[in-house]
Amino acid sequence: MELFAVKPPDLVTIAEIVQHVGMTPAAFYYHFSSRDELFQEVVNRFGDEWSVRAEEWWAEASTIDQVFDVVGRLLDWAVENRQHAIVFFVTSKGVSVAIEEARLAVTARTAAAAGDAVLRAIPVKEGTGAALDGLSLVTVLESSLRAELGHSTSQMLYSTYRELVLPEEAERYWKIVPSATPNVISFTASHGRQH
C-alpha cells in the first residue's frame, strides 16, 4: 500500500486510505477493524511472499555461487516491489510487538533456507556454522534493503552492495572461516564470486 510506504503508519488516516483505494469507510470497516489491522495484513502478506521466494530460490541453490546469486535475486525482487518492501523493511520496523514478531518469523524462515543452502553448497561445513552463515546472509540482505529503501532517492547503496560489497565481504569472510579452505572454495577475478 503506497500510503504506508510514504508516511509513518501511525500518521496514515482511515480517510486517506478509503480515498486512496476508492471505497467508503463502511466498506473499509467491513474488511478491517482498524488501520493497524490493515497494516498488519500488508506486512504479513509481503513477509509471506518474501519468505516463499527465499525458500524456493535457496532450495534450488547447490553451489556457493548460486547461494550468493539468490541474494542478488532477492535484492532485485525487493527493489522491483519497492513500495511493499519499504513497508516491510522500513516503515514497519518497531511499530508493534505483533509486527516485530511477524518480521522475526520471516527472518527466521529465510535464514533457515539460506543456512540449508550453505550446507548443501559447502558439505564440509557443520550445521551450526551453516545456520550462522545463513543468518549472516539474511542480516546483511535485510540491512542493505533497509538502507537502500530508506534512502529512496539514491540507487547508490543498492548498486554498491550488488557490485562491490557482496563479493568483497564474501571473499574476506571465506578467508577467515576455517572450513573454507582454498581447495574447497576459490574466487574468480572475473566475477568476484566463488565457483
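Every number here is computed from the coordinates shown, using simple stated rules; none is lab data. Nothing here was measured: the structure is a model prediction, and the numbers come from that model. All Cβ positions, glycine included, derive from the backbone under ideal geometry; neighbour counts span all protein chains shown.
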request  = Quick one: which residues, 5 or more positions from Phe32 or on another chain, have an amide H under 5 Å from its amide H? H modelled 1.01 Å from N in the peptide plane, none for Pro or chain starts.
outcome  = none
key: Ordering of 58-64, 28-34 by burial proxy (mean other Cβ atoms within 10 Å per residue, highest first)   = 58-64, 28-34
message = Using the Karplus curve 6.51 cos²θ - 1.76 cosθ + 1.60 with θ = phi - 60°, what ³J(HN,Hα) values do you get for each residue of the stretch 56-62, in whole Hz, with x for Gly and Pro?
response = 5, 5, 6, 5, 7, 7, 10
inquiry  = Give the separation of the Cα centroids, the stretch 80-141 to the stretch 10-53, in Å.
reply    = 24
ask   = Is the stretch 72-140 rounded, prolate or oblate when judged by the Cα gyration tensor, a ≥ b ≥ c being the square roots of its eigenvalues, rounded requiring a/c under 1.5 and prolate requiring a/b larger than b/c?
value = oblate
